[in-house]
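Here is the structure we will look at, set down as structure tokens.
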Amino acid sequence: MLVNVLIKDRICYVEMQNGKHFNCLSENMCNELIAALKQGYSAECVGIVIKAQVNKGVWSAGHDIRELPQDGSDPLAFYVPMEHLLRKVQDIAIPVIACVNGTVWGGACDLCLSCDMIVSSNEATFAITPAKIGIPYNASGIMHFINQLGMNKAREMFFLGMPITANDALNVGLINRVTEPDKLETVLEEQFLAPLRRNSTLSISAIKRQFRILSRASTVISAENFERINAYRNRVYSGEDYREGINSFLEKRPPKYKGKASDLD
């Protein structure tokens, strides 16, 4: 088992327990997280908390690079497990809170943003890193970051792929609360979980559903632009730089990219 589920006092605590592999969002990990979310909802919990066993300071290293396809197929297609997980977090009709006490990388950063709220230690950092390994991120993911952070901060995070601190993340609205590591559980309980238990679950559920519908309404794009975006992405994930990014990561060496921006013209 990669995920442990504990239901206590109307809260479902979901903990990633694959610290040996830095809680990579592998197919198995994503499927177990999805099952845990469903379990919490079925048990009529008022909220779900996603936590992680931290190894060497890493909360989650994001998408499991070893599972990325190299046959020209889309690494972030609609039905891949990680995309399914992100949608499940967003769609499940009770609040999901990420409790972060380590570094967050790549797809795990998107997982945190997909949660309704994020409580973080001041030692945590957040990075979205597709450009480091040659992955063309998908339109829905990019719009998610734009809607949460604004255009300029989203560009900074995607273009540079560098971690931002918890305090920086708080300032741009990526997370809700920052505290000392030894106070993380107390802040989570007193400032988030206790109010959830006191408030109307039915009301919160209806409001979350409205948030989801309204956020989707602001991200509608034309069919032409949708096809253009997919054409750009297809040229990347079917090209040499994409495979080089994966192989260099697996071989633990710096990548040697050859692609040019004009290759997408």
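Each value in this text was obtained by applying a stated rule to the coordinates, not by laboratory testing. On a predicted model such as this, the values are computed, not experimentally measured, just so you know. Cβ: placed from backbone, ideal geometry, glycine included. Neighbour counts: every protein chain shown.
Brief remarks follow.
- Among 160, 193, 113, residue whose mean-square fluctuation peaks in a GNM of the chain (springs only between Cα atoms under 10 Å): 160
- Length released on extending from residue 212 to residue 122, taking residue separation times 0.36 nm less the Cα-Cα span: 29.5 nm
- For segment 120-265, the Stokes-Einstein estimate of translational diffusion at 37 °C and a viscosity of 0.692 mPa s comes to 179 µm²/s, using the Kirkwood hydrodynamic radius over alpha-carbon pairs.
- Each Lys or Arg adds one and each Asp or Glu takes one away; over the other residues whose Cβ falls under 11 Å from the Cβ of residue 232, this sums to 0.
- Charge dipole of segment 105-199 about the Cα centre (unit charges at C-beta), most positive-ward option of 146, 121, 191: 146
- Rg then Dmax, both in Å and based on the Cα atoms of segment 93-147: 12.0, 35.
- The chain - charge dipole about Cα centre, Lys and Arg +1 at Cβ, Asp and Glu -1, debye rounded to 20: 200 debye
- Annotation: peptides 80-88, 199-207, 68-76, ranked by per-residue average of other Cβ atoms within 10 Å with the highest first, follow the order 80-88, 68-76, 199-207.
- Positive dipole terminus of the chain, leading residue within 92, 61, 158 (C-beta point charges): 92
- Taking Lys and Arg as +1 and Asp and Glu as -1, the other residues whose beta-carbon sits under 14 Å from that of residue 145 total 0.
- The angle between the Cα long axis of helix 201-217 and the main principal axis of the chain comes to about 20°, on a 0 to 90 degree scale.
- Relative to the longest principal axis of the Cα atoms of the chain, the long axis of helix 81-91 makes an angle of roughly 40 degrees.
- Estimated Rh, segment 1-64: Kirkwood, alpha-carbon pairs, angstrom: 11.8 Å
- Alpha-carbon gyration tensor eigenvalues x 5, square-rooted, for segment 71-167, Å: 20, 18, 12
- For the peptides 229-236, 31-38, residues were scored by their other Cβ atoms within 10 Å and the scores averaged per peptide; the highest-first order is 31-38, 229-236.
- Rounded to 10°, Cα long-axis angle of helix 27-42 versus longest principal axis of the chain: 30 degrees
- For residue 256, a cut-off of 20 angstrom between C-alpha atoms picks up these aspartates and glutamates, skipping any fewer than 8 places away in its own chain: 71, 240, 241, 244.
- Computed [θ] at 222 nm, helices only, for the chain once each DSSP H run of length n ≥ 4 contributes -39500 (n - 2.57): -13000 deg cm²/dmol
- Relative contact order for segment 1-126, counting Cα pairs under 8 Å that sit 6 or more residues apart, in percent: 25 percent
- For the chain, the pair-distance distribution built from all alpha carbon pairs, in bins 5 Å wide starting at 0, is 1, 6, 12, 17, 19, 18, 13, 7, 4, 2, 1, 0 percent.
- Tail weight of P(r) past 15 Å, computed on alpha-carbon pairs of segment 180-263, percent: 77 percent
- Listed by chain and number, the lysines placed with their C-alpha closer than 16 angstrom to that of residue 88 are 38, 208; residues fewer than eight positions away on the same chain are left out.
- log₁₀ of I(q)/I(0) at q = 0.11, 0.14, 0.21, 0.24 Å⁻¹ - segment 12-100, Debye sum with one point per alpha carbon: -0.32, -0.51, -1.03, -1.22
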